[in-house]
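Written out below as structure tokens is the structure these notes cover.
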Amino acid sequence: MSALHDYFLLFMGAVIVNNYVLTRFLGLCIFFGVSKSLNSSVSMGMAIVSVMSISSIMTWAINHFVLQPFGLDFLRTIVFVIVIASFVQLLEIVVKRFLPNLYKIWGIYLLLVATNCIVLGVPLINAEENFNFMKSLVNAIGSGVGFSLALILMASVREKMEYANIPKPLRGLGGTFIVAGMLALAFQGFSGMIPK
Amino acid sequence: MIAISIVIILVVVGAFFGLLLAFANSKLAVKTDPLVHAVDDVLPKGQCGACGFAGCMGYAEAVVKDPDVPVNLCLPGKDAVSQKIARLTGKINAPAKRLIAHVKCAGTAEHALRIFEYRGVRKCVSANLLQGGNMACKFGCLGLGSCVSECVFDALSIGRNGMPVVNPEKCTGCGKCKNVCPKNVIEMVPVTAAIRVACNSQDKGATVRRNCKVGCIGCKLCEKSCPHSGIRVENNIAIINHAVCLEKCTEAVCIAKCPTKSLQGAVLGLDKVDVVSNRWI
């Protein structure tokens, strides 16, 4: 019961309280790049969730079975970069071959994910916090869902902004930054609701 | 000692993933037909979707792989492109009927009644959200030029009278403007269409008269006067059967009969558009 309770708190924490985009400011390039339309942000969210959950399993295994026994924790970053980048590449090849329809939706987003900071950041935080296997997975899925939530919120606002009468200098990225700031402020309201 | 283990681990991890990727790439790679890229290179890359496929690449793929997809679907490319595709794919080329956009409204500020002054965002969609726009006629062109900014071929412009004008030379008939117009005021007609209706209103005659001087009042004079029954009135608006009209008509009596001049004609070689008045002369 208490374990389940812990996982639930970890998940909700990753989705809302410690939302990776809006309170930790990771993955901002995708956040601004892809949030122009709701459709593409949903595809991007799906790509992020799946890539992050699988890559966090792989990085957990490498961290647990290779790096820690040899006392090479300081190699984490560079090894994780290699692992994630090649995993995404591999995933792209496999999806292209076996699920061509999914590839049509995901195609470009997968490549955007490959070198993104949020995909690297979550496994690094998992390793830093010494999460076990299940906790790493839950944290990765939670932060992926949190990222999608932020992306979809942003895309919904931006689609409405298209039709609003915004002062000329703020059209485009300028106004978007302000909206992102407001969203982040709103999410700050959740801070401290779940003890770390 | 640590230096050696760093080198070993990085080499092992790198080599493992490198070999894995190399293996996956050779075993699982999807072979794309080089012909698809050859066809894609021929297409004009407007990505307009007039062919009915998702972009130029989608059409290239379909036309190469599916024997039932004809080569003449690329409207912007016209005959030159369909000939090239036919040569590449070995299919038979049949010339497509060329369509162009036609704005079914002549309700300029002097002809059609405006009920308020619109000062919002200069987009037709936004204007349409505000009580359907500032025209008394709820079917007419709002004149804010969403079609103009949508056109990737630079074929539309706002004329001096405030109405969109189609350049028949540049228009490829892709239909993007038709889809973006909130009033559905744009219709695709054969480029040679001699008679066109310049009104979109489905209101009853009395309402049209009140709102606009040049609207179609659905009087059916054109329908009755046409000897080839190439024109009919439905929902208070004249609809032209262009196939009949182009084939059989020698003298367009309908234009002379029309009491409100909502029929425009380009009969007997007089087929130049007057940009200033937006009328066919």
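For the range B:8-29, taking the residues that are open to solvent by 70 Å² or more (accessible area, probe 1.4 Å) and under 18 Å from residue A:80 (Cβ atoms), the one that is farthest from the other protein chains (Cβ to nearest Cβ) is identified as B:11. All of A:62, A:84 fail the test of being in a helix (DSSP H, G or I) and within 9 Å of chain B (Cβ to nearest Cβ), apart from A:62. Scanning the range A:60-91 for residues that are open to solvent by less than 20 Å² (accessible area, probe 1.4 Å), within 18 Å of residue B:19 (Cα to Cα), out of contact with any Pro (no Cβ under 7 Å at 6 or more places or on another chain) and not small (Gly, Ala, Ser) yields A:79, A:83, A:84, A:87, A:88. Quick check on my filter: what residues within the range A:108-158 are among the aromatic types (Phe, Trp, Tyr) and at pLDDT 90 or above? A:133, A:147 - these are the residues of the range A:108-158 that are among the aromatic types (Phe, Trp, Tyr) and at pLDDT 90 or above. Residue selection: residue B:99 satisfies the criterion of being away from chain A (no Cβ under 14 Å), under 30 Å from residue B:36 (Cβ atoms), surrounded by fewer than 22 Cβ atoms within 10 Å (Cβ to Cβ) and among the aliphatic types (A, V, I, L, M). I want to confirm something. Restricting to the range B:223-251 and keeping residues that are farther than 16 Å from residue B:192 by Cα and in a strand (DSSP E or B), which single residue is nearest to the chain's Cα centre (by Cα)? Among residues in the range B:223-251 that are farther than 16 Å from residue B:192 by Cα and in a strand (DSSP E or B), the one nearest to the chain's Cα centre (by Cα) is B:239. Residues that are surrounded by fewer than 17 Cβ atoms within 10 Å (Cβ to Cβ), more than 18 Å from the chain's Cα centre (by Cα) and either in contact (Cβ under 8 Å) with a residue 40 or more places away in the chain or more than 14 Å from chain A (Cβ to nearest Cβ) (or both) within the range B:118-172 comprise B:131, B:132, B:138, B:160, B:162, listed in sequence order. Figure legend. Inter-residue proximity from the range A:174-196: first residues farther than 15 Å from residue A:22 by Cα, second residues among the polar types (S, T, N, Q), beta-carbon distance below 9 Å, spacing 6+ or different chains. Indicated pairs: A:194/A:18; A:196/A:18.
Among the residues of the range B:61-74, is there at least one that is over 24 Å from the mean Cα position of the chain (by Cα), more than 25 Å from residue B:100 (Cβ to Cβ) and open to solvent by less than 60 Å² (accessible area, probe 1.4 Å)? Yes, the conditions are met somewhere in the range B:61-74.
Just name the residue that is farthest from the other protein chains (Cβ to nearest Cβ) out of those in the range A:34-59 that are at pLDDT below 85 and open to solvent by 50 Å² or more (accessible area, probe 1.4 Å). Across the range A:34-59, the extreme among qualifying residues is A:36. Residues of the range B:75-93 that are among the hydrophobic types (A, V, I, L, M, F, W, C), open to solvent by less than 50 Å² (accessible area, probe 1.4 Å) and out of contact with any Leu (no Cβ under 9 Å at 6 or more places or on another chain): B:86 alone. Within the range B:30-56, being away from chain A (no Cβ under 14 Å), outside any loop (DSSP other than H, G, I, E, B) and surrounded by 12 or more Cβ atoms within 10 Å (Cβ to Cβ) holds for B:35, B:37, B:38, B:39, B:40, B:41, B:42, B:56. Among the residues of the range B:182-200, those identified as touching a Ser or Thr at 6+ places or on another chain (Cβ under 9 Å), in a loop (DSSP other than H, G, I, E, B) and surrounded by 21 or more Cβ atoms within 10 Å (Cβ to Cβ) are B:198, B:199.
The values are calculated or read from the model by the stated rules, or taken from the named source; none is laboratory data. Owing to the predicted nature of the structure, the values given are computational and were not obtained by experimental measurement. Cβ atoms come from the backbone with ideal geometry, glycine included; neighbour counts cover every protein chain shown. Accessible surface areas use protein heavy atoms only, side chains included; no ligands, DNA or RNA. Shrake-Rupley method; radii C 1.70, N 1.55, O 1.52, S 1.80 Å.
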